[in-house]
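Below is one structure, written out as structure tokens; comments come after it.
The values are calculated or read from the model by the stated rules, or taken from the named source; none is laboratory data. Treat the numbers as computed from the prediction; the structure is a model and nothing was measured. Because the Cβ atoms are built from the backbone with ideal geometry, glycine has one as well, and the counts that use them run over all protein chains shown.
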């Protein structure tokens, strides 16, 4: 007890530590004072708890303060290198943007814009006008609008139906990331959920029997984008549902989730629904995400019949869910790339990563191996891996890839932490006691930095 009291008396005062020479480069103010107080308070706590036997020197205390002040100045949201092989990694920000989209965001952010102003007419306009023609061209829909994400798009579509029954197959009452559940969204919209069929089988007749004139507001088809069911399963086609909806004068809504603008079967990736196919099949309202298989910014895209789109644009929730100007600029630029289908895969990073063949990835992995070998800091092996689309898309698709396995003389856990805690975090994974970096999601321009971080490993 006597020793701790002695140590407590030796703790420097706040002003004394602030005036330390190593902190002279930091502007004195509330942030510096608060940081110093925090460091000294922690020291007092550790002394009283018996964790400290000797008081740190003032140089060490000042260094701790300096590191914390620098940390406060560093943005929380920062760039990372994605070595997981998961292209649309929700935790890592999903789709990286194309160069054209980045330039559009910069232009929209640096000055004023015609966000809701028609230059030709000299009067107020709608922000939807910047992308509606592009979306109708690419999807074949009569009209379109955008909101801030696909959950908002689904909620707005259901809210526009009014407080009526919405019929959904039991096999499509899904939950996606963040505990977003279709039944909960239905309830929030004021609609009443009517479940039909069973988990594995739902027939067209199930929908027909559930329709009640005056009470039924819509049929809802939900694309099960984050899981698959196989075996003894059945569901009606979109065209069958469209015919039922049309016969009963109610809309067919499809939550497509990821949503493709191009047919990925052309690149060896099958069973991914294309938005234009849904429109052709008679879907009245289709919703999908902007930052998944479209490869753009976060957005909820709604395409369909003009009557229903007009109701959604006029709905009070539309303002609360509206897309901001930066995402809108990025979305427009991304959509314009789809107008030239022969170059779109190369231009949009997500599509480029998704469609890159394994042979090319092995060549890429060999280049990274050579640079890592030059660091002389570990045992490097090129291995076969499986990548994933991620983001709740293509759950059944294991995409053949190539990766680097690193053994650097320390535990895989310690190596993973070393790469993760660098100035630019490198995120990989551990497999069979090795640190793995899948090259499908890593740019060649990042190879020198990865090699430098490996060279810094201390065994």
Open item on the list: I need every pair where a residue in segment 1-24 that is closer than 19 Å to residue 52 by Cβ and in the same structural domain as residue 53 (by TED's automatic domain parsing) has its Cβ under 6 Å from the Cβ of a residue that is at pLDDT 85 or above and outside any helix (DSSP H, G or I), sequence separation at least 6 or different chains.
Closed with: 7/55; 10/55
TODO: Quick one: which helices (runs of 4 or more DSSP H) lie wholly within segment 107-202 and hold at least 3 residues that are at pLDDT 95 or above, surrounded by 15 or more Cβ atoms within 10 Å (Cβ to Cβ) and touching a helix residue (DSSP H, G or I) at 6+ places or on another chain (Cβ under 7 Å)?
DONE: 129-139
Task: Those residues of segment 91-106 which are assigned to a helix (DSSP H, G or I) and either closer than 15 Å to residue 425 by Cβ or in contact with a helix residue (DSSP H, G or I) (Cβ under 6 Å, 6 or more places away or on another chain) (or both), in sequence order - done: 91, 92, 100, 101, 104, 105
TODO: Considering each residue of segment 243-259, count those that are touching a strand residue (DSSP E or B) at 6+ places or on another chain (Cβ under 6 Å) and either crowded, with 22+ Cβ neighbours inside 10 Å or in contact (Cβ under 8 Å) with a residue 40 or more places away in the chain (or both), and give that number.
DONE: 9
- [ ] Go through (1) in contact with a helix residue (DSSP H, G or I) (Cβ under 7 Å, 6 or more places away or on another chain); (2) at pLDDT 90 or above; (3) closer than 29 Å to residue 75 by Cα one by one and return the number of the condition residue 438 breaks.
- [x] (1)
- [ ] Within segment 234-254, identify whether any single residue is within 29 Å of residue 352 (Cβ to Cβ) and outside any strand (DSSP E or B), and answer yes or no.
- [x] no
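One line per residue, one yes/no per condition, for (1) at pLDDT 90 or above; (2) surrounded by fewer than 17 Cβ atoms within 10 Å (Cβ to Cβ):
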| residue | (1), (2) |
| --- | --- |
| 38 | yes, yes |
| 41 | yes, yes |
| 55 | no, no |
| 65 | no, no |
| 69 | no, no |
| 94 | yes, no |
- [ ] Please enumerate the residues belonging to segment 406-433 that are surrounded by 20 or more Cβ atoms within 10 Å (Cβ to Cβ) and in a strand (DSSP E or B).
- [x] 406, 426
Task: Entirely in segment 273-384, the helices (runs of 4 or more DSSP H) that have 1 or more residues that are more than 30 Å from residue 156 (Cα to Cα) and either touching a strand residue (DSSP E or B) at 6+ places or on another chain (Cβ under 7 Å) or without any contact (Cβ under 8 Å) to a residue 24 or more places away in the chain (or both) - done: 341-347, 349-355, 358-373
Task: Residues satisfying the stated conditions in segment 20-39, i.e. assigned to a helix (DSSP H, G or I), within 40 Å of the chain's Cα centre (by Cα) and within 15 Å of residue 62 (Cβ to Cβ) - done: 23, 32, 33, 35, 36, 37, 38, 39
Task: Among (1) in contact with a strand residue (DSSP E or B) (Cβ under 9 Å, 6 or more places away or on another chain); (2) over 25 Å from residue 97 (Cα atoms); (3) without any contact (Cβ under 8 Å) to a residue 60 or more places away in the chain, the one test that residue 402 misses - done: (2)
TODO: Test residue 401 against the criterion of being modelled with pLDDT under 95 and touching a helix residue (DSSP H, G or I) at 6+ places or on another chain (Cβ under 6 Å), and give yes or no.
DONE: yes
